[in-house]
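Asker: I have a structure here, written as structure tokens, and I will follow up with some questions on it.
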Amino acid sequence: MREMPEQQKPSEVAKPKQDGDIRGRWPWVEAAVWNERMLATLETGIEGGKWFALIDKVWSQKNLRRAVGKVVENGGSAGIDGQHVRMLERHKEREIERLQKELQERTYQVQAVKRVWIPKLGSKELRPLGIPVVRDRVVQNALRDVIEPIFEREFAPQSYGFRPGKGCKDALRRVNKLLKSGYYWIVDADLKSYFETIPHEKLMERVGAKISDGRILKLIESFLKAGVLEEAKDWQPTKRGAPQGGVISPLLANIYLDPLDWKMAQRGSEMVRYADDLIILCRSKEEALEVMEEIKSWIEENGLTLHSEKTRIVDTREPGGFDFLGYHFERGRKWPRKKSMDKLRAVIRMKTRRNQGRSLKVICEDLNRTLRGWFEYFKQSHPFTFGDVDQFTRGRLRSILRMRCGRKGRGRGEDHRRWPNAYFAREGLLSLKEAFERIRQSRREELNHQLESRMREIRQYGSAGGAG
């Protein structure tokens, strides 16, 4: 077995020097729940490895009040009871007292999840989304704030999804670094309907390995087994899965896959995982084949399913490449995957309908909000990406202007002369190509500055050496 890569070894938690140091090392934890004594225990490890007596932290009014604030801030649709977030906000103190009493007296009842179907990104397929009732979202927030640090302490570092202080960009940076270091072979593993197929019994075993408070375990299980209610259908029990849309589901999903994270780390494999989106980067085809077999075996043993058509081994130096977190990687380059481009074009089309009555300046302002957010995520793409988006966007705007002049069809050659690129720039339209060039120029200047600074240091060192 290969030695575990340095970045995948569990980081040692620093011993607390003083109370303030502990809070600084756990800035994201809920202070209303985790006091400094509990954080010190979290860092040094609790005796026996399991946490007892946590339910009172869930029902504390401070914790419930903070949970209500999060639910109100996040908004969202009503569940099966029709209660909206604004109703919760209007009667929050009364609801907090009611929830606390029900949790204390063990009369709290989880309600079924409302199931709706939403389009998959860039696809005609639909995926299920579960919407808990508002009060269940409050309790799930309060519950997560209590148990998340216990599991977060020991999660493997190559897991990036739905974790404090981590995100898509961190995962992408890791992938970029590994590709540049010669990890050209990719095991692209696609879990089929992961959130809907997590086995409850095995999941609860993993939760119970660190938590022994029976009331906490029962509360988690009640959320898992609440069932779903879909329009024009009867209530359906949930025997597997953690519904996407539930506040606590991402944490539970990470708990279930954490053993796989450590299995790959212990064999020396470079896995990068964001929730159920995972790839393993290898140095050779032989290693990739070994990893593929181990992944298949683990997935089967743990009651999950690999998507046979989407799971594959890829040589990134060959045409075809692979998709990960919205990007397409191929032969040393990356750009937005087709589904990401399709989604952007769909939004641009919606905002540039020809029969709308808004002024061009207002339309450009609306487009800019979309373009800025998209560019912030995809600005590491190959340069050709941005010119294509600019051209498509201006083409849509020229079609609007043609229609306002009594002409049909898309913008043609003469329209480019009548409304050149500079015309849209004066109307305030953001050019992604120019935005990318500004970033590239800034990077060049920064590199030149670093080089000049280094040369000055060398000259100064040489002068000092000569004088000596």
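Asker: Please work out if LEU304 is touching a Phe, Trp or Tyr at 6+ places or on another chain (Cβ under 9 Å), aliphatic (A, V, I, L, M) and not in a helix (DSSP H, G or I).
Answerer: Here the answer is yes, as LEU304 does meet what is asked.
Asker: Now, a different point. For region 316-325, check the following and say yes or no: at least one residue is among the hydrophobic types (A, V, I, L, M, F, W, C), surrounded by 13 or more Cβ atoms within 10 Å (Cβ to Cβ), in a helix (DSSP H, G or I) and in contact (Cβ under 8 Å) with a residue 24 or more places away in the chain.
Answerer: no
Asker: Going through region 252-275 one residue at a time, which ones are touching a Gly at 6+ places or on another chain (Cβ under 6 Å) and either acidic (Asp, Glu) or part of a strand (DSSP E or B) (or both)?
Answerer: TYR274
Asker: Could you please let me know if TYR423 is open to solvent by 50 Å² or more (accessible area, probe 1.4 Å), of a type in the set (Ser, Thr, Tyr) and closer than 19 Å to LYS343 by Cα?
Answerer: Considered against the rule, which asks whether it is open to solvent by 50 Å² or more (accessible area, probe 1.4 Å), of a type in the set (Ser, Thr, Tyr) and closer than 19 Å to LYS343 by Cα, TYR423 comes out as no.
Asker: Looking at region 232-244, which of its residues are in contact (Cβ under 8 Å) with a residue 12 or more places away in the chain and touching a Lys or Arg at 6+ places or on another chain (Cβ under 9 Å)?
Answerer: PRO237, THR238, LYS239, PRO243, GLN244
Asker: Among the residues of region 25-38, write down those that are in contact (Cβ under 8 Å) with a residue 12 or more places away in the chain, farther than 14 Å from LEU54 by Cα and of a type outside the set (D, E, K, R).
Answerer: If the condition is that a residue be in contact (Cβ under 8 Å) with a residue 12 or more places away in the chain, farther than 14 Å from LEU54 by Cα and of a type outside the set (D, E, K, R), then TRP26, TRP28, VAL29 are the ones that fit.
Asker: Oh, and also: Could you tell me how many of the residues in region 228-244 are at pLDDT 90 or above and part of a loop (DSSP other than H, G, I, E, B)?
Answerer: The number of residues fulfilling the criteria is 2.
Asker: Taking region 123-164 only, how many residues are among the charged types (D, E, K, R), farther than 30 Å from HIS84 by Cβ and within 20 Å of the chain's Cα centre (by Cα)?
Answerer: 3
Asker: Let me confirm something: among ILE280, ILE295, which residue is open to solvent by less than 10 Å² (accessible area, probe 1.4 Å) and not in a strand (DSSP E or B)?
Answerer: Going through ILE280, ILE295 in turn, the sole match is ILE295.
The rows are residues; the columns are (1) open to solvent by 30 Å² or more (accessible area, probe 1.4 Å); (2) closer than 30 Å to LYS62 by Cβ.
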position	(1), (2)
ASP136	no, yes
ALA156	no, no
ARG163	no, yes
ARG173	yes, no
LYS177	yes, no
ILE186	no, no
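Asker: Another question, then. Which one is least open to solvent (accessible area, probe 1.4 Å) among residues in region 76-108 that are without any contact (Cβ under 8 Å) to a residue 24 or more places away in the chain and not in a helix (DSSP H, G or I)?
Answerer: Result: GLY82.
The values are calculated or read from the model by the stated rules, or taken from the named source; none is laboratory data. A quick note: this is a predicted structure, and the numbers were derived from the prediction, not measured. Every residue, glycine as well, gets a Cβ built from its backbone with ideal geometry; the counts of neighbours run over all protein chains shown. These accessible areas exclude ligands, DNA and RNA; they are computed on the full protein's heavy atoms, side chains included. Shrake-Rupley method; radii C 1.70, N 1.55, O 1.52, S 1.80 Å.
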